[in-house]
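What follows draws every value from the coordinates through simple rules; no lab data is involved. What you see is a predicted model; the values in this text were computed from it and never measured. Glycine gets a Cβ as well: all are built from the backbone with ideal geometry, and neighbour counts include every protein chain shown.
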Ligand code: EPU
């Protein structure tokens, strides 16, 4: 376990916010994490981070940031793979593809680490990670006990889990056991994934499909639409796609028709609710590419806020996000919820 004091967190969050924390603890195994949790000399509060890819540090952090780097990927049996919470998510996707195991290929190239994937319930191209999770290995911050939580108890929903709600702050994820498949299990129905596979690998591609082929295709699609956090700071989707009532949806449709905005992309999610892409709403409010200080709405995918100058302040991002939310509410009556956590 490594303990450091008064540390710049700029390299530990994908938004590259140059805030400081009073104390930083880096641990690379469960025992070290348990020791840290039981150490009264570490300033509180304690805040666990992985790749720092879904958060915005809004100010200096007065307590201890716990940064886990638990590595390791292990095949447990023909249908299950364990990965440490600190494994880079895309490395896990690559490992599965290299070993001809189906499961995470549609989730390739999402920034962040394995531990956060199970908290956020990351999703893309028709797959949500909760469909692949068997159990989440955690340490309880109350008594430092290790516990394995079955996926059924994690209350997974769209970009949501019990770790973001009732159990927020209670458990720190140390590893995840995934369900994978040796027999082909492709998910190609979302957007243009199927067409993109055929375009890339030829007409007969679907008969000899491998997870590596799907991974390569999805990675290429993402690269055209989303900023690479290695070049441009961001936290991926800044907002969730809102679920609106049928009434609000009809009103959005009317506005689109009156203003000639074209058809409104949407997805009926049942229970009288309709999912409307935040990207479309933000785009039609004219935000694409607009800046606020060093921060900007990304030109190619307005769901993403980027640290365009490389030196955006937390306030630049916070006020830009608030302005975007207010304008979508005013024009379309829809509430955009943040996906990114403010710390
Ligand atoms: N759109 C516009 N204008 C634009 C861009 C997109 O109107 O400039 C419209 C498109 O026409 C499309 C719609 O927005 O109909 C949705 O776009 P897309 O399917 O590309 O993405 P999304 O639904 O907005 C979600 C995830 C992404 C994930 C993609 C692909 C959320 C919050 N985001 O975005 O996740 O990669 O689907 O499956 O659910 C992330 O979490 O960091 C992330 C990027």
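Out of the residues in region 305-343 that are under 18 Å from residue 249 (Cβ atoms) and surrounded by 18 or more Cβ atoms within 10 Å (Cβ to Cβ), which is nearest to the chain's Cα centre (by Cα)?
336
Can you name the condition, by its number, that residue 86 falls short on among (1) away from the ligand (no atom under 16 Å from the Cβ); (2) surrounded by fewer than 20 Cβ atoms within 10 Å (Cβ to Cβ); (3) within 28 Å of residue 225 (Cβ to Cβ)?
Every condition holds for residue 86 apart from (2).
Being within 30 Å of residue 169 (Cβ to Cβ), in contact with a helix residue (DSSP H, G or I) (Cβ under 8 Å, 6 or more places away or on another chain) and part of a helix (DSSP H, G or I) is true for just one of 318, 324. Which residue is that?
Only one candidate qualifies: 324.
Starting from region 109-136, keep only residues that are without any contact (Cβ under 8 Å) to a residue 60 or more places away in the chain, then list their pairs with residues that are near the ligand (Cβ under 9 Å from one of its atoms) and part of a strand (DSSP E or B) whose Cβ atoms are within a distance under 8 Å, requiring at least 6 positions of separation or different chains.
As it stands, the answer is 129/123, since those pairs meet every condition given.
Please indicate, with yes or no, whether at least one residue in region 109-126 is surrounded by fewer than 21 Cβ atoms within 10 Å (Cβ to Cβ) and closer than 16 Å to residue 75 by Cβ.
Checked against the condition, which is being surrounded by fewer than 21 Cβ atoms within 10 Å (Cβ to Cβ) and closer than 16 Å to residue 75 by Cβ, region 109-126 yields no hits at all.
State which residue is nearest to residue 230 (Cα to Cα) when the search covers only region 93-108 and only residues that are more than 15 Å from the ligand (Cβ to nearest atom) and in contact (Cβ under 8 Å) with a residue 60 or more places away in the chain.
The qualifying residue nearest to residue 230 (Cα to Cα) is 94.
If you take the residues of region 24-44 that are part of a loop (DSSP other than H, G, I, E, B) and without any contact (Cβ under 8 Å) to a residue 40 or more places away in the chain, which of them is surrounded by the fewest Cβ atoms within 10 Å (Cβ to Cβ)? Spell out how you get there, then give the answer.
Step one: of region 24-44, the residues part of a loop (DSSP other than H, G, I, E, B) are 28-29, 38-44.
This time we only want the ones that are without any contact (Cβ under 8 Å) to a residue 40 or more places away in the chain, so: 39-44.
Details: 39: 14, 40: 5, 41: 7, 42: 16, 43: 13, 44: 11.
Out of the qualifying residues, it is 40.
Consider only pairs whose beta carbons are under 9 Å apart and that are at least six residues apart or on different chains; among these, list those whose first residue lies in region 279-296 and is over 10 Å from residue 328 (Cβ atoms) and whose second residue is in a strand (DSSP E or B) and more than 14 Å from the ligand (Cβ to nearest atom).
Taking only residues 6 or more apart or on different chains, the pairs are 294/307; 295/307; 296/307.
Could you go through region 72-86 and let me know if any residue there is within 13 Å of the chain's Cα centre (by Cα) and at negative phi.
no
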